[in-house]
Amino acid sequence: MLRAPLRKVGIIGGMGPEATVLLMAKVIERTSATDDADHVPMFVDNNTQVPSRIKALIEGGGEDPGPVLANMARGLEVAGAEALAMPCNTAHNYAPAIVEATTIPFLDMVELAAERVAAMKAGSFSVGILASPAIRLTGIYERAFAKRHITTLFPSDDERMLAAIRAIKISSANAAARETLSVAADELIKAGADALLVACSEFSIVTDAISGKYRVVDSIDVLADAIVKFATTGLNTSVIR
């Protein structure tokens, strides 16, 4: 019996490059395959030259990444992508520019992760967000969780979290960065978080620093699941259109 053709997914990547590869690896791990042709077709724009989200959102005055991301999205659609995914949580602040520039579904990692956490909810619920300070400043996860009546908590030391992210971009073997993630996780649980959300793709690279300690949802895992589901079944729920 002939199987249905797999849908093609375009990856808006390069933020950072190792996180982009991590997403692809997780998609491959989650795919039931006996041959190359059974794997999800992915078009990847690993554009490491996207303007800094940190400069634009935290430091101020940086170039707007939105037009570059929109152009990448258009290119992936032209290449044949039937849906788009972006393994950078902070860049989801510019998701409206991507949606406006294209006609295909955008698999919204923020909404997907919020749905996954909400599925764990029983009564009053709080989630600790392990992410760049830009996530708190933009409020993208806070709004997503507020719709689901979930309280968000953030680590207190913005500078240390940002330094850890920058260190992981240099080397994922950075012990100090892993320690920062672990300390932040402990802090959030002590502050009352019922679960933790890894909402930075750099931190997704080093989740072994907190694995097994707490209830943890990793946004990259959630996005990988959605990509496989879209490619194999054609379902495209949780898109921002």
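The values are calculated or read from the model by the stated rules, or taken from the named source; none is laboratory data. This is a predicted model, so every value here is computed, not measured. Heads up, the Cβs are rebuilt from the backbone with ideal geometry, glycines too, and the neighbour counts pull from every protein chain shown. Side chains included, ligands, DNA and RNA excluded: accessible areas come from the protein's heavy atoms. Shrake-Rupley method; radii C 1.70, N 1.55, O 1.52, S 1.80 Å.
Would you calculate the volume per residue, in Å³, of the smallest convex hull containing every Cα atom of segment 1-122?
On the way: hull volume 17.3 nm³, N = 122.
It is 142 Å³ per residue.
Once each part is reduced to its C-alpha centroid, what is the distance from segment 118-166 to segment 62-111 in angstrom?
Their Cα centres are 22 Å away from one another.
For segment 100-241, what is the per residue volume of the convex hull drawn over the alpha-carbon atoms, in cubic angstrom?
Working: hull volume 18.2 nm³, N = 142.
Taking only Cα atoms, segment 100-241 has a hull volume of 128 Å³ per residue.
Measuring from centroid to centroid over Cα atoms, what is the spacing of segment 1-60 and segment 169-210 in Å?
Comparing the Cα centres of segment 1-60 and segment 169-210, I get a distance of 22 Å.
With every atom except the alpha carbons ignored, what do you get for Rg and Dmax of the chain, in angstroms?
17.3, 57
Between Ser172 and Arg143, how high is the FRET efficiency from 1/(1 + (r/R0)^6) when r is the Cβ-Cβ distance and R₀ = 35 Å? Nearest 0.05. Could the numbers behind the result be given before it?
Details: r = 30 Å, r/R0 = 0.86.
That gives a FRET efficiency of 0.70.
Considering Cα pairs under 8 angstrom that are at least six residues apart, work out the relative contact order of the chain and quote it in whole percent. It would help to have the intermediate numbers written out before the result.
Values: 444 pairs, mean separation 59.1, N = 241.
Value for the chain: 25 percent.
Starting from the Cα of Lys213, step 7 Å toward the Cβ, then list every residue of segment 128-163 with an amide N under 18 Å from that point.
Counting backbone N atoms under 18 Å from the label point, the list is 128-132, 153-163.
Considering only protein heavy atoms, with the full assembly of protein chains and a 1.4 angstrom probe, order Asp157, Asp221 by accessible area, largest first.
Working: Asp157 70, Asp221 40 Å².
Putting Asp157, Asp221 in descending order of accessible area: Asp157, Asp221.
Kindly flag which residue pairs out of Lys8/Lys121; Lys147/Lys169; Lys26/Lys213; Lys8/Lys55; Lys169/Lys190; Lys8/Lys213 have an alpha-carbon separation exceeding 30 Å in this structure.
Values: Lys8/Lys121 33 Å; Lys147/Lys169 32 Å; Lys26/Lys213 22 Å; Lys8/Lys55 33 Å; Lys169/Lys190 28 Å; Lys8/Lys213 36 Å.
Check vs 30 Å cut-off fails for Lys8/Lys121; Lys147/Lys169; Lys8/Lys55; Lys8/Lys213.
Going from most exposed to least, what order do Met161, Met42 have by accessible area with a 1.4 Å probe? Mind dumping the intermediate values first?
Working: Met161 5, Met42 45 Å².
Heavy-atom accessible area, descending, gives Met42, Met161.
Specify, per residue and in Å³, the volume enclosed by the convex hull of the alpha carbon atoms belonging to segment 69-140. Write down the numbers at each step before the final one.
Working: hull volume 7.2 nm³, N = 72.
Here the figure is 100 Å³ per residue.
If I fit a long axis through the Cα atoms of helix 158-170 and take the longest principal axis of the Cα atoms of the chain, what angle between them do I get, 0 to 90°, rounded to 10?
So the inclination is approximately 40 degrees.
Considering only protein heavy atoms, what per residue accessible area in square angstrom results for segment 76-231 with a 1.4 angstrom probe?
38
Taking all pairs of different Cα atoms in segment 116-176, averaging 1/r and flipping that mean, what Kirkwood radius in angstroms comes out?
On the way: mean 1/r = 0.0771 Å⁻¹.
One over the average 1/r among Cα pairs gives 13.0 Å for segment 116-176.
May I ask for the angle, rounded to the nearest 10°, between helix 109-118 and the longest principal axis of the chain, with both axes built from Cα atoms and the value confined to 0 to 90°?
Taking Cα atoms only, the helix is inclined about 60 degrees.
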